[in-house]
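The values are calculated or read from the model by the stated rules, or taken from the named source; none is laboratory data. In this text the structure is predicted, and so the values were computed from the model without any measurement. Cβ atoms come from the backbone with ideal geometry, glycine included; neighbour counts cover every protein chain shown.
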Amino acid sequence: MASTALAQSKKKPPAKAPAKAPAKAPEKSPTPAKGSGDDTEIEMNPDDTAPKKGSGSGSGAVNPEEIEMGEPEKPGDLKSDLNIASTETVKAGPIKKTPLSWQDIVVVVRKPFLKSRRTELLPFVGTTMNDNMIRHYTVGGELAYYLTDVLAVGVEGQYYVHSFQEPFDLVARQARRLPTINQYKWSAALDFHYVPIYGKFAILDHNLVTWESYFTAGIGAGQSEVIPRDTQFPGFTNLLIMPNVGASMRFFLSRWLTVSLGIRDYIFYDHFEPKNRSLMMYATAADAKANADGSLINNLMFQIGVSFWVPTSFEYTTFR
């Protein structure tokens, strides 16, 4: 009995050892990956550096065969970063000022010529373009004031001289009839100008020439004179209401000098000598004028002139 009890008491410690082993097994190593039968494992436990309870060695040294991995980085938060940046203080220091001029900032090249509140003095010459019997040459001038850079009002005046063309003599010789024609003496008008087009072009890729195109409309008066077919009869004059329309181009040569050319159509209703005028009928100028034949005339003229601008200089009121 005594020997049997002693044997039982000696066998009790081995029975307790299996109960402690399962409790320590999860602390030493993680569960092996599924499908892996290899005994070699990689420890990823941050507690490996600390001394383990119940172990004889409490040195806490890292096992060189193990790889230690830190915690994964958290994704950045934009709002928190902005809050941190806004709360950070900025060190104040001396401010360095850099001199800046509007002349240093060039986006679009400025117009080289301004017309606003300037007066244009335009002497010009012209010639008729659509009358093959008689040609008129004009010498005239215009004085225009520009309210803005695109709108102007002006007055013009012209004096006419004429010359007969070759068809005038050919009709007389071949048909034995003299054509009925009038000559123009003078004209004057009140004009309005509008400038909707502006541009520039290069000459041989070296020099830039700026130009603009403008339209003109006006109302005026003039005088025509009948040229009698028979020189023994007196002629008569007509006072004409002459509206006009036209288009012109202007080229800028300097700050005070420009060249203009254009076409102008002077529209009026003119009166001509009666076709059956003779000694028996309409011998006097008054009778001939009372029985004159009327017709609508479009006197199309080409004009070219040189403009002088006053004042001779200008200033820009806006930045570049």
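Observations on the model:
- Lone unmet requirement of (1) farther than 16 Å from Y266 by Cβ; (2) touching a strand residue (DSSP E or B) at 6+ places or on another chain (Cβ under 6 Å); (3) surrounded by 14 or more Cβ atoms within 10 Å (Cβ to Cβ) for S163: (3)
- Residues located in the range 275-320, provided they are modelled with pLDDT under 90 and under 23 Å from H162 (Cα atoms): K275
- Of the residues making up the range 221-234, those that are buried (at least 16 other Cβ atoms within 10 Å of the Cβ) and within 23 Å of S187 (Cβ to Cβ) are G222, Q223, S224, V226, I227, P228.
- Checking each residue in the range 254-312 for being farther than 30 Å from V209 by Cβ and among the β-branched types (V, I, T) picks out I267, T284, I297.
- The criterion of being more than 23 Å from S307 (Cβ to Cβ) and surrounded by 15 or more Cβ atoms within 10 Å (Cβ to Cβ) does not hold for I241.
- Residue match in the range 219-242 (condition: under 17 Å from A152 (Cα atoms) and touching a residue at least 12 places away in the same chain (Cβ under 8 Å)): yes
- When the range 135-160 is limited to residues that are farther than 19 Å from S224 by Cα and hydroxyl-bearing (S, T, Y), the one that is surrounded by the most Cβ atoms within 10 Å (Cβ to Cβ) turns out to be Y146.
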